[in-house]
1. May I ask you to verify whether L225 is modelled with pLDDT under 95 and either over 27 Å from A189 (Cα atoms) or surrounded by 15 or more Cβ atoms within 10 Å (Cβ to Cβ) (or both)?
2. If we scan the range 109-130, do we find a residue that is assigned by TED's automatic domain parsing to the domain that holds A290, outside any helix (DSSP H, G or I) and within 16 Å of the ligand (Cβ to nearest atom)?
3. Suppose we filter the range 56-92 for residues that are under 30 Å from P44 (Cβ atoms) and within 15 Å of the ligand (Cβ to nearest atom); how many remain?
4. In the range 294-352, which residue that is part of a strand (DSSP E or B) and hydrophobic (A, V, I, L, M, F, W, C) is modelled with the highest pLDDT?
5. Checking the condition modelled with pLDDT of 95 or more and surrounded by fewer than 23 Cβ atoms within 10 Å (Cβ to Cβ), which residue from N218, N202 passes?
6. Go through (1) β-branched (V, I, T); (2) out of contact with any Lys or Arg (no Cβ under 9 Å at 6 or more places or on another chain); (3) in contact (Cβ under 8 Å) with a residue 40 or more places away in the chain for T70 and report which single condition fails.
7. Quick check on my filter: what residues within the range 93-108 are touching an Asp or Glu at 6+ places or on another chain (Cβ under 7 Å) and either within 16 Å of the ligand (Cβ to nearest atom) or not assigned by TED's automatic domain parsing to the domain that holds I125 (or both)?
8. Could you list all residues from the range 172-201 that are away from the ligand (no atom under 16 Å from the Cβ) and among the polar types (S, T, N, Q)?
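The values are calculated or read from the model by the stated rules, or taken from the named source; none is laboratory data. These numbers were taken from a predicted model, which means no experiment stands behind them. Cβ sites come from the backbone with ideal geometry, for glycine too, and all protein chains shown count toward neighbours.
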Amino acid sequence: MNPITVHLDQLRKYNVPGPRYTSYPPATHFTEEFTPPLPNPHTPAPLSLYFHLPFCAKQCLYCGCTNIVTGDQSKSAEYLGYLKREMAMRAKQMAPGSEVVQIQLGGGTPTFLLPEEIEQLGEIIRATFPMAKTIEAGVEIDPRSLTLEKVKALHNAGFNRASLGVQDTNPDVQKTIARIQPLEQVAEANQWLRDSGVESINFDLIYGLPGQTLESFNQTMDDILTLSPDRLAVYSYAHIPWIKPFQKSFEERLPNVETKLQLLQLAIEKLTSAGYVYIGMDHFAKPSDAMSKALANGTLQRNFQGYSTLKGVDLHGMGMSSISHAGGCYFQNKKDLDLYYADLDSGNLPLLRGYTMTAEDKIRYDTIMHIMCNLYVDYAQLSKQLGIDFADYFKADLASLDDLEADGLVRRESGGLHVTPLGRLFIRIVAMRFDAYLQNDQRQGRYSQTV
Ligand code: SF4
């Protein structure tokens with residue numbers, strides 16, 4: 001891949017706050033005046049289940065997750081008891097005939113759980129929900145909390161995919177973000193998982209961390225490429241000190257926006273040269289991996305976990321703060337652990353807020369996901385899919401792309417819209433032009449920067 005030139009004035013123009021489009025509209029639009037939908041008993045749907053396991057042994061200073069730091073190991077057993085209750089209530093809401101095709105454990109730190117708790121969680125899930133014959137079951141892993149016993153427990157519980165949180169291998173960066181994790185520890189975790197038969201291993205990296213330089217991040221890339229991950233997610237560091245005040249501790253060491261973009265460009269060049277397919281905003285995969293195949297087949301999807309290979313599934317999140325997307329609605333659980341427990345103690349679903357999508361939301365959701373996953377909009381194809389005249393429906397939105405086209409981010413033709421390699425670096429900016437809610441959201445300063 002040839003290096004892409006970005007002019008400084010373009011960078012300044014397009015580095016504005018914007019949503020990441022893991023949902024549309026973004027979660028900031030969910031409201032507490034929301035009643036969850038009743039399932040339609042005649043339309044079983046493939047199910048993707050997400051379980052949020054919030055506990056962490058220590059606080060990493062770059063973290064933007066909903067988590068609880070504790071040294072009390074007994075908290076996970078108590079939490080599992082509540083999760084079991086929630087699963088029983090949620091299973092009753094799903095249309096008969098629906099089967100689980102995907103399971104994901106996220107956090108917090110799922111590997112905070114003891115080995116026997118990991119196995120117990122797998123048993124509860126399988127006893128509560130009908131399972132499809134083939135299931136993708138993935139888990140986010142903090143290599144610092146992984147043991148061989150936990151790897152065996154994950155294998156016994158049926159987990160066949162893993163995502164290792166690495167972020168950066170440089171000792172100075174690790175010290176600044178309070179996440180000390182020698183490469184040997186990552187390599188050992190990787191080897192244990194490979195030996196246990198895990199089919200696909202993803203590494204999470206972050207660019208834009210305090211103290212990162214082009215040289216240090218280049219070394220991080222070299223380090224992780226020696227471990228040959230199947231997938232890589234290279235996320236943009238989201239600086240949100242108004243939500244996570246501890247991020248202020250390293251503010252003066254954050255790379256500037258030019259360096260941050262160069263770090264992303266370095267990652268793209270380095271990983272594509274090493275044979276990885278650039279999937280989209282922040283994901284890379286080996287050509288043989290299911291994610292690369294989904295990109296080629298047009299079945300790539302975006303949800304709360306980023307890009308996904310499964311299209312048309314109902315996503316049900318369980319555990320505190322988790323978000324669901326099913327039946328044209330989004331709904332989110334209580335973010336406070338005590339409130340989450342209290343609702344379940346009273347026999348109620350622990351819902352915090354939700355949103356019922358309008359017909360227009362669904363059209364814009366499909367359009368934005370299409371742009372972010374396929375980088376091309378075929379007007380005739382989307383007109384057929386959405387039951388509209390695409391070029392006419394989005395007349396004003398398409399006309400608003402004049403400056404993006406002049407700057408080389410998109411190319412409009414009579415029958416479609418292409419996102420260029422430069423536009424790919426600013427894909428959120430392209431998607432934002434199709435977002436009907438944005439002007440008001442930006443005024444309220446609710447998002448991290450797009451670069
Ligand atoms: S382990 Fe993960 S969730 Fe926990 S503090 Fe670190 S980054 Fe956040």
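1. Details: modelled with pLDDT under 95: no; either over 27 Å from A189 (Cα atoms) or surrounded by 15 or more Cβ atoms within 10 Å (Cβ to Cβ) (or both): yes.
Against the criterion (modelled with pLDDT under 95 and either over 27 Å from A189 (Cα atoms) or surrounded by 15 or more Cβ atoms within 10 Å (Cβ to Cβ) (or both)), L225 does not qualify.
2. Step one: list which residues in the range 109-130 are assigned by TED's automatic domain parsing to the domain that holds A290, which gives 109-130.
Within this subset, residues satisfying the condition of being outside any helix (DSSP H, G or I) are 109, 113-114, 129-130.
Now restrict to residues that are within 16 Å of the ligand (Cβ to nearest atom): 109, 113.
The answer is yes; a qualifying residue exists.
3. Kept after step one, since they are under 30 Å from P44 (Cβ atoms), are these residues of the range 56-92: 79-92.
Still in the list and also within 15 Å of the ligand (Cβ to nearest atom): 79.
Count: 1.
4. In this case the residue turns out to be M318.
5. Values: N202 fails: surrounded by fewer than 23 Cβ atoms within 10 Å (Cβ to Cβ).
It is N218.
6. The single condition T70 does not satisfy is (3).
7. If the condition is that a residue be touching an Asp or Glu at 6+ places or on another chain (Cβ under 7 Å) and either within 16 Å of the ligand (Cβ to nearest atom) or not assigned by TED's automatic domain parsing to the domain that holds I125 (or both), then L105, G106, G107 are the ones that fit.
8. Answer for the range 172-201, where residues must be away from the ligand (no atom under 16 Å from the Cβ) and among the polar types (S, T, N, Q): N190, Q191, S196, S200.
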